[in-house]
Amino acid sequence: MSRTRRKLKRAALMLNLFTLPRLPWVSDGEDKVELSAAELESLRSELSELAEREAYLKAQLEHVDEVLRSARLSGYLFIPSLCLVNHFQVDDWLPRFVVLQGPCLFFYFLSTDLSPQDSTLVPDIVEVGTLSSYTREFDESHHCFYILTRQGLRVECSSTSKTQVNSWLSGLRHDCRSEQEKRLQNGSSQSA
């Protein structure tokens, strides 16, 4: 397809001017380009798909903006995950976007995902602690911590940033203490 024809198709796509079955165009003395009804319909379909894609990307951007504005903590952490590589199960630390928002801890695959892969309620967290650091081949040192819930779920997390790990540890420990104090106050007020 010639460069001129591609330019004209893009222009037609953006302007959506074609309504006749065949509409000739001449560009700077070059050969005429005529679009058939099928080509015209194809251009309209592409325009529709681009508009849908644009709306989806805009929704993702608005969601990320909302999450980041309302989150107390957020960022990429490495979490051990089982994945298939050449038909073999491999246990590896994969990056997940983690958000502490309100009473929930959300785990997303990517920061642009509209819904989380998993979540945990902060009141269900019974313990947060550090783990030994590890270094992968040709990689920086990873600082690790874990989150333990009353249901027995243990989530291990790591980051190459010690500051990020310390922020998560202090934030989660503070929230856990606050939740424990609330439970103690509720328990003492109910027994009185």
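The values are calculated or read from the model by the stated rules, or taken from the named source; none is laboratory data. Since the structure is predicted, the reported quantities are computational estimates derived from the model, not experimental observations. Note: ideal-geometry Cβ built from the backbone for every residue, glycine included; neighbour counts use all protein chains shown. Note: accessible area is taken over every heavy atom of the protein model, side chains too, but ligands, DNA and RNA are not part of it. Shrake-Rupley method; radii C 1.70, N 1.55, O 1.52, S 1.80 Å.
Miscellaneous remarks
- Taking the stretch 126-157 as the range and being exposed (fewer than 13 other Cβ atoms within 10 Å of the Cβ), within 25 Å of the chain's Cα centre (by Cα) and not basic (Lys, Arg) as the test, the residues that pass are ASP139, GLU140, SER141, LEU153.
- Test: residue in the stretch 42-60 that is modelled with pLDDT of 85 or more, closer than 22 Å to HIS143 by Cβ, open to solvent by less than 70 Å² (accessible area, probe 1.4 Å) and among the polar types (S, T, N, Q): no
- Residue in the stretch 158-178 that is assigned to a strand (DSSP E or B) and either within 30 Å of TYR56 (Cα to Cα) or open to solvent by less than 70 Å² (accessible area, probe 1.4 Å) (or both) present: yes
- Residue under evaluation SER119, criteria (1) under 25 Å from ASP92 (Cβ atoms); (2) touching a Lys or Arg at 6+ places or on another chain (Cβ under 7 Å), criterion not met: (2)
- Residue within the stretch 77-85 that is in contact with a strand residue (DSSP E or B) (Cβ under 6 Å, 6 or more places away or on another chain), in contact (Cβ under 8 Å) with a residue 24 or more places away in the chain and of a type in the set (A, V, I, L, M) present: yes
- The residues of the stretch 109-146 that are closer than 29 Å to ASP65 by Cβ and assigned to a loop (DSSP other than H, G, I, E, B), listed by number, are PHE109, LEU110, SER111, THR112, ASP113, LEU114, SER115, PRO116, GLN117.
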